[in-house]
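The values are calculated or read from the model by the stated rules, or taken from the named source; none is laboratory data. Remember, predicted model here, so these are calculated numbers, not experimental data. Virtual Cβ from ideal backbone geometry, glycine too; neighbours counted across all protein chains shown. In case anyone asks, the SASA skips ligands and DNA or RNA and just uses the protein heavy atoms, side chains included. Shrake-Rupley method; radii C 1.70, N 1.55, O 1.52, S 1.80 Å.
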Amino acid sequence: MIDVDAIRAQFPILSRQVNGRPLVYLDNGASAQKPQVVLDTIQRAYGHEYANVHRGLHTLSTISTDNYEAVRGTVARFLNAPSEDHIVFTSGTTEAMNLISYGWAAPRLQAGDEIILSIMEHHANIVPWHFLRERLGVKLVWVDTDVNGDLDPQAVLDAITDRTRMIAITHLSNVLGTVVDVKTICVGARAKGIPVVVDGSQAAVHMPVDVADLGCDFYAITGHKLYGPSGSGAVYIRPERMAEMQPFMGGGDMIRDVGRDTITWNDPPMKFEAGTPGIVQTIGLGAALEWMMDLGMDNIAAHETALRDYARDRLAGLNWLNVQGQSATKAAIFSFTLDGAAHAHDISTVLDKKGVAVRAGHHCAQPLMQHLGVSATCRASFAVYNTKAEVDVLIDSLELCHDLFS
Ligand code: PLP
């Protein structure tokens, strides 16, 4: 069970006011706020334990390296990866997808090869594949969602042809909140020898993730949505895929030996981590993941499911509001438009005056926006510290918008 008041007390920012009103932070899909333990960890790492990692033999460098490397094990536990050696640190999902695109896909894909994507992917899981389309002539094959915003896993598997080389799919849509049955996709794809890249940016914060059970080849997470620092993240990579990968960025740390005409790489996972990394960001990510695991991912999911049900019922009472995505199992993420001419940006501005923070725009998911026939939506996305009372503030503020714009 979640004690939401006790959780809220751990987030200093949640007690501030915005525009003279208590902050109602519903922009968690864009980035989550940070608990005190993460702030303290960052303060300690910079204030008392800071030095570069993997370089020095002095005490601080050893402490810093130990703290940093310990997070690999934390991420492995969080994702139930078989070993920390299968975890590559990144600056976030965007870097993870580019690493996979440059490091795994580009050296093996050829003109006419196909990558299957769902229509609800975030640009981070689209643009790196567009690079391959533009540079190599790879074809992107799109699978649409149905009217409820659900994605039929069989439709994804049916899109496989003898030219399919990869499936890149979100675990949870940042716009619709739809949870994708990734496991069924992975099982079907694996039977045909096709790797599956999963964008776990949104899923990992809302529900337990078990990469061993999913059977995916790649699973990317981004720290700032997981109550951790921006500029942190990680990707689980199945060992066979890791063995096939070329380095992505070149520089310090990812090499073993560099000569005038020769070079050898460090062992994975460091082979894929060039230069001084986000040391403190990663250490902060570790604190955030430990904090989530202490709360219990099942408890977090149960609290957010209750919030989702309450928000869904209350939003359904506004018959001038169009919520995109009605999946029965969706997460507590609601993207909506209002009847009439009000633009999402105007709605967001009015909500902000009431202290309510939501995101407005295309949510880095323009193919989905085109599919839905809208140019922009407002999105209220919930986190473990949100309450039903905050849903009520959202509803009251939306009613004000309706009065203003109708
Ligand atoms: N994928 C999804 C589903 C997202 O929601 C986001 C962030 O909004 C990303 C990828 C990109 O994450 P980042 O910008 O942290 O790399």
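Take every Cα-Cα pair in the range 199-347 and report what % of them are more than 26 Å apart. Above the 26 Å cut-off, the range 199-347 has 47 percent of its Cα pairs.
Solvent-accessible area per residue in the chain equals 40 Å², computed with a 1.4 angstrom probe and all protein chains kept. Pairwise Cα distances in the range 80-206 exceed 20 Å in 43 percent of cases.
Sorting 280-290, 123-133, 300-310 by average packing, meaning the other beta carbons within 10 Å per residue, from highest down gives 280-290, 123-133, 300-310. Only DSSP H runs of four or more residues enter the estimate; each adds -39500 (n - 2.57), and after division by the residues of the chain the mean residue ellipticity at 222 nm equals -11500 deg cm²/dmol. Set the Cα radius of gyration of the range 1-139 against 2.2 N^0.38 Å, with N its number of residues, and you get 1.44. Please express the shape of the range 169-265 as an equivalent ellipsoid: the semi-axes are the square roots of 5 times the eigenvalues of the C-alpha gyration tensor, given largest first in whole angstrom. Computed over the range 169-265, the values are 30, 19, 9 Å. Viscosity 0.692 mPa s, temperature 37 °C: Stokes-Einstein D of the range 21-90 from its Kirkwood Cα radius, in µm² per second? Here the translational diffusion coefficient equals 226 µm²/s.
Just so you know, the Cα atoms of the chain work out to an Rg and Dmax of 21.7, 71 Å.
Separation of the range 191-215 from the range 303-349 is 26 Å, based on Cα centroids. Taking the Cα centre of the range 1-62 as origin and assigning +1 to Lys and Arg Cβ atoms and -1 to Asp and Glu Cβ atoms, the resulting dipole is close to 180 debye.
Given the pairs K225/K353; K34/K354; K34/K388; K34/K183; K225/K354, which are separated by over 26 angstrom at their Cα positions? Result: K34/K183 exceed 26 Å. Its relative contact order, with pairs defined as Cα atoms under 8 Å and 6+ residues apart, puts the chain at 23 percent. Relative to the longest principal axis of the Cα atoms of the chain, the long axis of helix 59-79 makes an angle of roughly 60 degrees. In the chain, the longest principal axis of the Cα atoms and the axis of helix 127-136 are about 50 degrees apart.
The value for the range 219-291 of Rg(Cα) / (2.2 N^0.38 Å) is 1.27.
Let's see if you can work this out: charge +1 on each Lys and Arg Cβ, -1 on each Asp and Glu Cβ, no other charges. What is the dipole magnitude of the chain about its Cα centre, in debye to the nearest 20?
Values: 32 positive and 46 negative charges, 122 e Å.
In total the dipole reaches around 580 debye.
Largest GNM mean-square fluctuation across L99, L79, L321, computed for the chain with C-alpha springs under 10 Å, falls on L321. Surface composition of the range 11-144: carbon and sulfur make up 52 percent of the accessible area, probe 1.4 Å.
Treating the beta-carbon of each Lys and Arg as +1 and of each Asp and Glu as -1, no other charges, what is the dipole magnitude of the range 318-406 about its Cα centre, to the nearest 20 debye? Each step should come with its number before you reach the end.
Working: 6 positive and 8 negative charges, 68 e Å.
I would put it at about 320 debye.
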